[in-house]
Amino acid sequence: MMMNCDQYREAIAADPSFDGGAGHLSECSSCQAYRKEMLELNQRISRALALDVPELDVPELPAIETDKVVTLPTRKLSSPVWMAMAATVVLAAFVGFRMIGGGVEYPTLADELLAHIDHEHVSLVVTNVAVSDERLTSVVPADIARLDHSAGLITYAQSCVIGGHSVPHLVIQGEHGPVTILLMPDEMVSGPQRITGESVNGVILPVGDGSIAIFGEREESLDRIEKEVLDSVTWST
Amino acid sequence: MHSSKAAVLRRQRFDQYVGVYHQDMYRYAAWLSRDKAIAEDVVQEALLRAWKSLDALRDENLAKQWLLTIVRRENARYFERKRLETVDIDNLTASQAALLAVEDDKELDDMRQAIYELDDDYREPLVLQVLMGFSTNEIAEQMGLKQGAVLTRLHRARAKLAEKME
């Protein structure tokens, strides 16, 4: 149903970025003029609201007991593990170093993922608060994958860049802390890659033409989580 | 993670947020309180509170909303403590007048004063929309209102400003 003048003016005065009512606007010169007035008024309001800001004066901050803050420990892969990985894992499709935005190079997908998780340590918080369905839908859009909630309580969802592709980065709560899940429909691996270090237990699983990475704490048992994640994700492509 | 390294990372994270959003925090506090000195106090208190509860922020994308919510609460606390009287536009204190001080620009001066004189109910959603770039949904969430109420207030706020600026 086409808007009338009152409806259109109310909408544009409430939000000058309103872009509905195109049908009415195209036929009403009066509302076209009103819209122009509102946009100009908004510019004047914006200018007036932008007060000068005094120099930042950060107060003295008390010490915080960071031991109580849950973050994923620094990853230090022990030599024997790396040697074992080199011997048993087939790193398919990656010849030489992986070039990432900003000129950062990683020898393998696993290295890039671990660096990414450490960079995004804000995701690794113990909590029972789930992200909203709306948030989950925006991070895992239907054209990437279908995801149901059987993998567990999803407490973090963010679109991140891995290997130059935007991928959903999710966190669920495992038995020993947060567990990171990265859905990578464009990262093909030839077989499961196990990553075990002093403070990490992870796996990159081939799934169709892509892969899914799962990383938890060293003590985390991934078998059940792997199965639940694989059951809950279906690629859309 | 070693505690000292965790502490350094925590401080870096805090500094990053504050560096990006300090201006927004101050301007929001200033337009809520309509007083330069109070705004500075509110921002100081808000920074302290943000530092103490930084680990509660799980989604970096929500940092701005989170910080502005803290500012809003600190402003409310400040006025609860002080029980300040309603501002009389013709009898401003130096600190209140300092907020309105502009360079030699009558149009800007008039608009700033018109915004200053708006009721809190109209001024706050306008600041959140125009200055902070919030959607009406986000404003509704921030202010604990229904979206329809936010749209009505924004519509009336602009109507009042347009009338005053005629």
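Numerical summary
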item: Chain B - Debye-derived log10 I(q)/I(0), Cα point model, q = 0.11, 0.13 Å⁻¹; result: -0.51, -0.69
item: At 1.002 mPa s and 20 °C, Stokes diffusion of segment B:1-90 via Kirkwood alpha-carbon radius, µm² per second; result: 153
item: J(HN,Hα) series, segment B:49-54, from Karplus relation 6.51 cos²θ - 1.76 cosθ + 1.60, nearest Hz, glycine and proline x; result: 5, 5, 4, 5, 10, 3
item: Mean-position separation - Cα centroids, segment A:190-209 and segment A:106-130, in angstrom; result: 14
item: Percentage, to the nearest whole number, of Cα pairs in segment A:5-49 over 18 Å apart; result: 22
item: Residue among A:48, A:25, A:5 farthest towards the positive dipole end of segment A:5-49, charges placed on Cβ; result: A:48
item: Ranking of A:179, A:207 by count of other Cβ atoms within 10 Å, fewest first; result: A:207, A:179
item: Where trypsin sites (Lys or Arg not before Pro) in DSSP loops with at most 15 other Cβ within 10 Å are excluded, longest remaining stretch of chain B; result: B:1-82
item: Dipole moment magnitude, nearest 20 debye, segment B:1-90 about Cα centre, only Lys, Arg, Asp, Glu C-beta charged; result: 440
item: Segment B:102-166 - Debye-derived log10 I(q)/I(0), Cα point model, q = 0.17, 0.26, 0.29 Å⁻¹; result: -0.58, -1.08, -1.23
item: Ascending count of other beta-carbon atoms within 10 Å, so fewest first, for A:41, A:153; result: A:153, A:41
item: Cross-link pairs B:5/B:52; A:36/B:160; B:64/B:164 - those with Cα-Cα distance over 20 Å; result: B:64/B:164
item: Cα-centred dipole magnitude for segment A:5-49, charges only on beta-carbon of K, R (+1) and D, E (-1), debye, nearest 20; result: 240
item: Kirkwood Rh (inverse of mean 1/r, distinct Cα pairs), segment A:153-215, angstrom; result: 12.1
item: Residue B:69/residue A:57 FRET efficiency (R0 25 Å; Cβ-Cβ; nearest 0.05); result: 0.70
item: Within segment B:108-127: backbone nitrogen closer than 20 Å to the residue A:47 label point (7 Å, Cα to C-beta); result: B:108-118, B:126-127
item: Farthest toward positive dipole pole in chain B [+1 Lys/Arg, -1 Asp/Glu at C-beta], among B:69, B:97, B:31; result: B:69
item: Only Lys, Arg (+1) and Asp, Glu (-1) charged, at Cβ; segment A:195-237 dipole about Cα centre in debye; result: 100
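Every number in this text was worked out from the coordinates using simple rules, so none of it is lab data. Predicted model, so just to flag it, every value in this text is computed and none were measured. Cβ: placed from backbone, ideal geometry, glycine included. Neighbour counts: every protein chain shown.
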